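Undergrad: Pasting a structure here, questions to come.
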Amino acid sequence: MIWRGFGSDNHAGVHPEVIASIMSANLGHAHGYGEDPWTAEATATLKRHLGDECDIAFVFNGTGANCVSLAAVCRPWESVICASTAHINCDECAAPEHLA
């Protein structure tokens with residue numbers, strides 16, 4: 001039996017369709033930082049599914065997503081309560097506290 005690790009998205013190679021898309025996007029020139037056609041397409045797709053009133057924020061990784069999400073739901077004087085074994089406590093290296 002082949003071992004499969006599902007603990008993280010970096011436990012295995014990238015799906016061939018993802019690599020093909022990255023290679024396609026690597027051709028030619030485009031403005032970055034949200035001004036490229038891929039960001040516009042992804043934003044339109046998400047808004048089509050979630051509604052036009054939602055805000056879309058692309059982040060680099062899971063830690064960034066967790067920090068932005070917690071900052072969005074907590075006011076500066078509020079706290080996040082979690083188990084001592086929670087991922088946000090054990091694996092995020094105090095990143096959420098940076099936004100406090």
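Undergrad: If Lys and Arg each add +1 and Asp and Glu each add -1, what is the summed charge of the other residues whose beta carbon sits under 12 Å from the beta carbon of A25?
TA: So the environment of A25 carries a net charge of -2.
Undergrad: Between V80, V14, V68, find the one with the highest GNM mean-square fluctuation for the chain; connect C-alpha pairs within less than 10 Å.
TA: V14
Undergrad: Another question about this same structure. Take the Cα atoms of the chain, find their three principal axes, and give me the spread along each one in whole Å, biggest first.
TA: Largest to smallest, the principal-axis extents are 47, 46, 25 Å.
Undergrad: With r as the distance between the Cβ atoms of F60 and D36 and R0 = 22 Å, compute the FRET efficiency 1/(1 + (r/R0)^6) and round to 0.05.
TA: On the way: r = 16 Å, r/R0 = 0.70.
The computed FRET efficiency comes out at 0.90.
Undergrad: Treating the angle as unsigned and between 0 and 90°, give the value, to the nearest 10°, between the Cα long axis of helix 62-73 and the longest Cα principal axis of the chain.
TA: The helix 62-73 is inclined about 60 degrees to the chain.
Undergrad: Something else about it: State, to one decimal in nm, how far the label point of E97 lies from the label point of T85, with both points 7 Å from Cα in the Cβ direction.
TA: Placing both labels 7 Å along Cα→Cβ, they lie 2.3 nm apart.
Undergrad: Can you divide the C-alpha Rg of the stretch 10-51 by 2.2 N^0.38 Å and report the result to two decimal places?
TA: 1.41
Undergrad: How far is it, in nm, from the label point at E53 to the one at V73 when both lie 7 Å from their Cα along the line to the Cβ?
TA: Taking the two extended label points, one gets 1.9 nm.
Undergrad: Arrange the following residues from fewest to most other Cβ atoms within 10 Å of their Cβ: W77, W38.
TA: W77, W38
Every read-out reported here was derived from the displayed coordinates using simple, explicitly stated rules and does not represent laboratory data. Owing to the predicted nature of the structure, the values given are computational and were not obtained by experimental measurement. Note: ideal-geometry Cβ built from the backbone for every residue, glycine included; neighbour counts use all protein chains shown.
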